[in-house]
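Just so you know, all these numbers are worked out from the coordinates, no wet-lab data involved. As the structure is a computational prediction, the values presented were derived from the model and not from experiment. Quick reminder, even Gly has a Cβ in these numbers, built from the backbone with ideal geometry, and neighbours come from all protein chains shown.
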Amino acid sequence: MPRTPPAPLDTTAAARFWADYTTAHPEAVRAGDEYVVDRFGDSVELSAALLRLVTHGPKRATAELVDEFAARGEALPRVGAHWVACDGAGAPRAVLRTIELRLARFADVDEAFAHDEGEDDRTLATWRTEHRRYWQRTCAARGATWSEQDEIVLERFRVVWPPALAD
């Protein structure tokens, strides 16, 4: 798969997308709640493929290294938090709400989580092969070395916006 670097996130469009969601669902957002704007993957192609699995498929979980959040200067997600998921071009496409979180090591990820990530054949063996490859690549890109001992944030989510996609 080619690896075209993703475009910057369109935070202005994401803010409008978020405003549309909160206008339609004010009860879903507590006063002062914030949201993050992010994308899946590290390329336009991977972002598109993973987002398609969210919007038109079974993907209801994602995994990210704790160190990646730290490298971006971001706090770890929390249950009930929202994020605006953008495509590889940086355009907002869905609002996701975190419904479950846990920290794990590579060996602690189970078959159920791999299945909920909805990628490839949804098996743990493939999850391990593809995530090992992904984290080796993304860690190297930021000058780090990936280890199976690195902490991973395992996040399950619901699609809450737009209405046509909501779970």
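Relative contact order, percent, of the chain when contacts are C-alpha pairs under 8 Å separated by at least 6 residues?
On the way: 278 pairs, mean separation 47.2, N = 167.
Reported relative contact order: 28 percent.
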Fewest-first ranking of GLU68, GLU117, using other Cβ atoms within 10 Å as the exposure measure: GLU68, GLU117
Amide hydrogen neighbours beyond the local backbone of LEU65, cut-off 5 Å, H modeled: VAL153
Cα centroid separation - the range 106-167 against the range 45-76, whole Å: 8
Within-14-Å neighbourhood charge of HIS25 [Cβ basis; K, R +1; D, E -1]: -1
Distance histogram in 5 Å bins (all Cα pairs of the range 11-160, percent per bin): 2, 9, 18, 22, 23, 15, 7, 4, 1
Ranked VAL66, VAL109, criterion: other C-beta atoms within 10 Å, fewest first: VAL66, VAL109
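If R₀ is 30 angstrom, what is the calculated FRET efficiency for the pair ALA89 and ALA166, using the beta carbon separation as r and rounding to 0.05? Don't skip to the answer; put the middle values down first.
Numbers: r = 23 Å, r/R0 = 0.76.
The pair ALA89/ALA166 has a calculated efficiency of 0.85.
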Between helix 11-24 and the chain: long-axis angle, C-alpha atoms, 0 to 90°, nearest 10: 60
Pairwise FRET efficiency - ALA24 versus ARG72, Cβ, R0 = 30 Å, nearest 0.05: 0.55
Ranked TYR35, TYR21, criterion: other C-beta atoms within 10 Å, fewest first: TYR35, TYR21
